[in-house]
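This report concerns only the one structure given below.
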Amino acid sequence: MTEEKKSFNIICFSGDFDKVLAAFVLGTGASAFDYEVNMFFTFWGLNVLKKRPGRRANGKEALEKMFNVMMGGRDKLPMSKFNFAGIGPVLMKGMMKKKNIKNVEALLKDAIEAGVNLYACDMAMKVMGIPRSDLIDELKDVVGVGSFIAMADGGQVLFI
Amino acid sequence: MTEEKKSFNIICFSGDFDKVLAAFVLGTGASAFDYEVNMFFTFWGLNVLKKRPGRRANGKEALEKMFNVMMGGRDKLPMSKFNFAGIGPVLMKGMMKKKNIKNVEALLKDAIEAGVNLYACDMAMKVMGIPRSDLIDELKDVVGVGSFIAMADGGQVLFI
Amino acid sequence: MTEEKKSFNIICFSGDFDKVLAAFVLGTGASAFDYEVNMFFTFWGLNVLKKRPGRRANGKEALEKMFNVMMGGRDKLPMSKFNFAGIGPVLMKGMMKKKNIKNVEALLKDAIEAGVNLYACDMAMKVMGIPRSDLIDELKDVVGVGSFIAMADGGQVLFI
């Protein structure tokens, strides 16, 4: 299959600001390098794909609602280190802005424009009570882990 | 070597409940997709393989004993986020149970039945003072990092 | 290209003591297995490459200085779990020393001697205000994510 693009597949498990940033920089970078890029968002990573970037009580049950409010959306992602009740990301965003480095919202937009395929994990959506309608329209599909493994076959796979 | 299976190799470094879950879902999923799956447990990941799923003072020295008690076993894995002194995993397990999603114990059993090869890292066992006899019998082998790298050659490798 | 070495590429994003240890053990192990090994240090991982292994206020601006002092250098890396204000790594180092397992400083030296290529991420250096002159001389190069992706093409890639 010489005409087929090589694939670069990122499992975006983390919902940490710094790791999500790294995932998008890698994904968009691999896309520029002519890879077919698939980003598969699961667990905390689902926060990146929520339609409303802020906090919202997704889910029907009390537990789900609590979880989703606590997790927030992509404009409130915590940092994996030095979070300090949300101060860390604010400082880091300030440092990034001064140096013209893009934020998560802009990186998500870039990835979509670069043709990166965004997928959401069906199992994680089920556990956390997040319906498809609460995720962004630009999502390519909701898939299971089996579909992701098939997609990634013969390509690069990263777990972030 | 056309008759050889492709390999899917997971370094299970983390002992976090949510990440271990992801590792098993990926491992068992890749096995169903006809990969030869090797899961290599190291550092915190060793907690998953302890024979007694609860806390136990493995090791001979005081320091080792303390470490092993603190780390616990696979029925007491902490979460990477929202652990809240152990409440996080309890809530998450509740959410999973309601949706018929399996726990670590069941996922470990599934992986073994699916023929996933489980390996323990010799160096990490040495550092933490965990003898082979404290790990589950289903372990395929105790190996060093060199053996793992050889095993993974030409296949997929994930670090979780 | 049969004469070309396969590559083993590690994105060292984490600056956690235990994860950095794992990264070096894998990198040096892959090098012994005759892989061309590229370790690409970004974000917290940059702490490993700082010339002065202790804390230092890198950067020109107050925010950068604060970040760099907080992050420390490779002899003060925190642990991903059980850090307890720095006690965790001290205990672990004690356990490792007793069993003749090398520390980060020695592992870095081994990697360099084994011919592992060390790269620093230009974007992360920019965000954190770390100039090239504050990183060790043994660094092969400062590169962007695009160069890393090109380097890793056809090889193994791990995100740690």
Counting other beta carbons within 10 Å of each Cβ, put A:VAL116, B:VAL157 in order, fewest first. A:VAL116, B:VAL157
Axis proximity, chain C to B: residue whose C-beta lies nearest, plus whole-Å distance: C:PHE159, 4
Residues B:ASP110, B:ASP137, B:ASP18 in order from fewest to most other beta-carbon atoms within 10 Å are B:ASP137, B:ASP110, B:ASP18
Just in region B:1-44: which GluC sites (Glu not before Pro) are loop by DSSP and have at most 15 other Cβ atoms within 10 Å? B:GLU3, B:GLU4
Give the residue from A:LEU26, A:VAL48, A:PHE8 lying farthest towards the positive end of the charge dipole for region A:7-159; charges sit on Cβ (+1 for Lys and Arg, -1 for Asp and Glu) and the dipole is referred to the Cα centre. A:VAL48
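Below 8 Å, C-alpha to C-alpha, sequence gap of six or more: please give me the relative contact order for region C:84-160 in percent.
RCO, region C:84-160: 25 percent.
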Check: C-alpha center region C:8-39 vs C-alpha center region B:89-160, spacing in Å is 21 Å
Do you know the relative contact order of region C:7-159, to the nearest whole percent, from alpha carbon pairs under 8 angstrom that are 6+ apart? 33 percent
Specify whether the C-alpha gyration tensor of region A:7-159 places it in the rounded, prolate or oblate class, a ≥ b ≥ c being the square roots of the eigenvalues: rounded for a/c under 1.5, otherwise prolate if a/b is larger than b/c and oblate if not. oblate
With the label set 7 Å along Cα→Cβ, C:VAL69 is separated from its counterparts in the other copies, in nm and shortest first, by 3.8, 3.8
What shape does region A:74-159 take by its C-alpha gyration tensor, where a ≥ b ≥ c are the square roots of the eigenvalues and a/c under 1.5 counts as rounded, a/b above b/c as prolate, and the rest as oblate? prolate
Length gain on complete extension for the stretch B:LYS140 to B:LYS98, per 0.36 nm per residue less the alpha carbon to alpha carbon distance? 11.8 nm
Would you kindly work out, in nm and rounded to one decimal, the distances from the label point of C:GLU113 to those of the same position in each other copy, ordered shortest first, with label points 7 Å along Cα-to-Cβ? 5.0, 5.0
For C:LYS19, go through the aspartates and glutamates and keep the ones whose alpha-carbon is under 20 Å away, minus same-chain ones fewer than eight residues off. A:ASP16, A:ASP18, B:ASP16, B:ASP18, B:GLU64, B:ASP122, C:ASP75, C:GLU105, C:ASP110
Shortest-first nm distances, A:GLY94 label point to equivalent points in other copies (7 Å, Cα→Cβ): 3.9, 3.9
Greater than 24 Å separation of Cα atoms is the criterion. Which listed pairs, A:LYS6/A:LYS140; A:LYS98/C:LYS60; A:LYS99/A:LYS140; B:LYS76/B:LYS102; B:LYS60/C:LYS93; C:LYS51/C:LYS126, meet it? A:LYS99/A:LYS140
List the DSSP H helices in chain C whose Cα atoms stretch 18 Å or more along the helix axis and whose mean Kyte-Doolittle hydropathy is at least 1.0. C:17-32
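Only the coordinates and a few stated rules stand behind these numbers; no lab work does. None of the values given here were measured: they were computed from a predicted structure. Please note: Cβ atoms are built from the backbone with ideal geometry, for glycine as well, and neighbour counts cover all protein chains shown.
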